[in-house]
Amino acid sequence: MRNPNGENVMSTEADVVVVGGGSTGCGVVRDLARRGLDTVLVEKGNLTHGTTGRMHGLLHSGGRYAVSDQKSARECIEENRVLRDIAGHCVEETGGMFVKRPEDDEEYFQKKLEGCRACDIPAEVIGGEEARRREPYLARDVEKAIVVPDSAVDPFRLCVANAADAREHGARIETHAEVTDVLVEDGDVVGVEVEHDSGPGKRVHGKAGTTEEIRARYVVNAAGAWAGQLGEMAGVDVEVRPSKGVMTVMNVRQVDTVINRCRPKGDADIVVPHETACILGTTDEEVDDPEDYPEEEWEVDLMIETLSELVPALTDARTLRSFWGVRPLYEPPGTGTDDPTDITRDYFLLDHDERDDLPGMTSIVGGKLTTYRMMAESISDHVCEKLDHDAECDTADVPLPGSEDFSVLREYMDEFGLRSPIGRRSVQRLGSKADDVLTGTDPNPVVCECEGVTRAEVRNAIDEAGSDLNAVRLRTRASMGNCQGGFCTHRIAGELARDYPEPVVREAEDELYQERWKGQRHALWGRQLSQAMLNHLLHATTMNRDGDPAGLDAGVDFGAFDAGPNSADDAADGGGAGAGTAAADGGHAETDGGVEPSDGARGGIDGARGGIDGDR
Ligand SMILES: Cc1cc2nc3c(=O)[nH]c(=O)nc-3n(C[C@H](O)[C@H](O)[C@H](O)COP(=O)(O)OP(=O)(O)OC[C@H]3O[C@@H](n4cnc5c(N)ncnc54)[C@H](O)[C@@H]3O)c2cc1C
């Protein structure tokens, strides 16, 4: 068939289309597929492309909301328990503390404690000395703390596990497929139009550049901070109030417990240990566009300065990178809140039939990653009712793929002859697939030292993700540690070269390298500047990835370098290797010798070793 512009359009059908491949959309597609509805998820980027891939990774105990928003607090503790059960391989049970410094209000401390107890959140008070015994890098003047069951959660694994289960139940998961129109006929929503933009390898779903009309009995708008844009396509207002927050990644785990400041909501009040790093957060500032907002250095400085009041070692610690995410906050009409920190963290279903006289579509807005499953259950109940489909939700009881039998972890470490902590991490990442992936006869060297990722894991991720090395990164964490891909990017590309032709490998390597570079631009001082310079020298000079004319003479296509770290775009927005050099020359006077290749090399190698040994 042809669309009104005369272009060829493929047309397919489904019961439900879910727009958005973040935690909410992945939860919804799993739930609906398990209830027997023919469901398609469409996501314009990769899974977790939006806010879900840009958050702290805190599995809330609810303690954070125990004073200000007790409904959210109760939902958090309920889901915290569920996720530990069904997704053990995505959760690290770190525990959490709300710590009080001398200047923090005693009355608020007591309110927090009472609030936790009122919301059924286990809460125990310990003294400053005991808090420091558990976390030796806590400030000496921390007086006391409330211990709660906060945890760290891996959003990437969680979303992939939900999508995998959905697929096992017949759902279609379409990534790199952007909804460009919501189809409305005779006053009803009847589906969406998507444009496919595929990459090479297994991430090809539709042919790049083709358009598909997916006609469906119901559309779920789970586009997070972009939900307003979907609403606009359907001709309705979805008043999401996107609010940005910065997060800064430190090179090692200065703490093993989630550390929260015990005071009313404010900037820079949490440190979340995550895999081999710590994530400092955050801020809360309303923005107009979820994809175009300023990323400012003072925000990063604020994280380090304020949070070093709780963990003084942060002042001298090495910062790896910073990134920003945008909350999909929603304020019910008539609330009139100016300050985004006051907007509720609760979620809402906007039934466009009831609100706007537009049947066939509901938006789900607000909420948190921690409550994604509960959000998915509510909207799936709602869709089933609309479609007169009688099926119960079972997502709170059925474990996600990979989470079965988590207790075998320790045995696997010995069994595979992998030394700690690499074996433990590999097995935790792989969950119930560990046996299949790690028991082979081929040599299994470590490919990424900082994160302890072995060749078998990388090869398994390539088998699953195809040539998209950023997808391999998200599955394994390779290139996410101290060296930020400086050493392992080339080795990972080497693994890809076994199965793919050179141009595909080159492009995939550049994409991965560019993705790593993006965040490092916000951490170009001290040791990380040394590392960035070393990475650049390895990439551009040693590996000859900067378009050496000799290569051009030999007919090698260096087009891929346009997207690389020397690109005009990057230079224009202050990034790229040029910016790194400028920072070394003119910026941070305290630079510890990053411009000298030999110093840089030493800094980088030390740093990489720190990642494995937990150099605290
Ligand atoms: C700084 C910060 C820290 C946070 N920390 C935590 C935390 O520690 N714990 C916690 O529980 N929560 C946290 N949150 C909240 C949590 O991250 C979000 O509530 C949650 O990830 C939102 O998920 P989502 O699926 O609704 O949205 P998203 O993850 O944004 O998913 C929406 C998806 O829709 C896609 N999309 C948009 N438009 C289209 C289109 N036209 N076609 C196809 N696809 C489209 C986007 O690409 C995106 O992937 C944090 C949020 C921020 C900003």
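I'd like the FRET efficiency for Lys433 and Glu515, computed as 1/(1 + (r/R0)^6) with the beta carbon distance as r and R0 of 22 Å, rounded to 0.05.
Taking R0 as 22 Å, the efficiency between Lys433 and Glu515 is 0.35.
Calculate, in nm to one decimal, what Asp316 and Arg117 gain on full extension: separation in residues at 0.36 nm each, minus their alpha carbon distance.
67.9 nm
Within a 10 angstrom radius of the beta carbon, how do Glu502, Glu286 rank from fewest other beta carbons to most?
Glu502, Glu286
Sort 295-301, 362-368 by the packing proxy (mean of other Cβ within 10 Å over each peptide's residues), most packed first.
362-368, 295-301
Between Asn8 and Arg81, what's the calculated FRET efficiency when r is the beta-carbon distance and R0 is 51 Å? Round to 0.05.
Once rounded, the FRET efficiency stands at 0.50.
Each label point is 7 Å from the Cα along the Cα-to-Cβ direction; what then is the distance between the points at Glu296 and Asp105, in nm?
The answer from the label model is 2.6 nm.
Measure out, as a whole number of angstrom, how far apart the alpha-carbon centroids of region 281-296 and region 461-514 sit.
Cα centroid to Cα centroid, the span is 29 Å.
Within region 449-474, name every residue whose backbone N is under 14 Å away from a label modeled 7 Å from Cα of Asp499 along the Cβ vector.
Output list for this probe position: 455-473.
With the Cα gyration tensor of region 1-139 giving a ≥ b ≥ c as the square roots of its eigenvalues, does the rule (a/c under 1.5 for rounded; else a/b larger than b/c for prolate; else oblate) give rounded, prolate or oblate?
It comes out prolate by the Cα gyration axes.
Using Cα pairs closer than 8 Å and at least 6 residues apart in sequence, work out the relative contact order for region 133-282, in percent.
Value for region 133-282: 16 percent.
Please report Arg475, Arg321 as a ranked list, fewest other C-beta atoms within 10 angstrom at the top and most at the bottom.
Least crowded to most crowded, the residues run Arg475, Arg321.
Which length gain, in nm to one decimal place, applies between Glu93 and Arg140 when the Cα-Cα distance is subtracted from 0.36 nm times their residue separation?
14.4 nm
Quickly rank 394-400, 187-193 as a protection proxy: mean count of other C-beta atoms within 10 Å, highest first.
187-193, 394-400
Spin-label point model (7 Å from Cα, Cβ direction): what's the Asp463 to Asp442 distance in nm?
Placing both labels 7 Å along Cα→Cβ, they lie 0.9 nm apart.
Give the residues of region 139-153 whose amide nitrogen is closer than 20 Å to a point set 7 Å from the Cα of Gln70 in the direction of its Cβ.
146-149
Calculate the spin-label point distance for Gln229 paired with Asp390, positioning each point 7 Å from the Cα along the beta-carbon direction, and give it in nanometres.
4.2
Values quoted throughout were computed directly from the atomic coordinates according to the rules given, and no laboratory measurement underlies them. In this text the structure is predicted, and so the values were computed from the model without any measurement. Note that we place each Cβ from the backbone using ideal geometry, even for glycine, and neighbour counts take in every protein chain shown.
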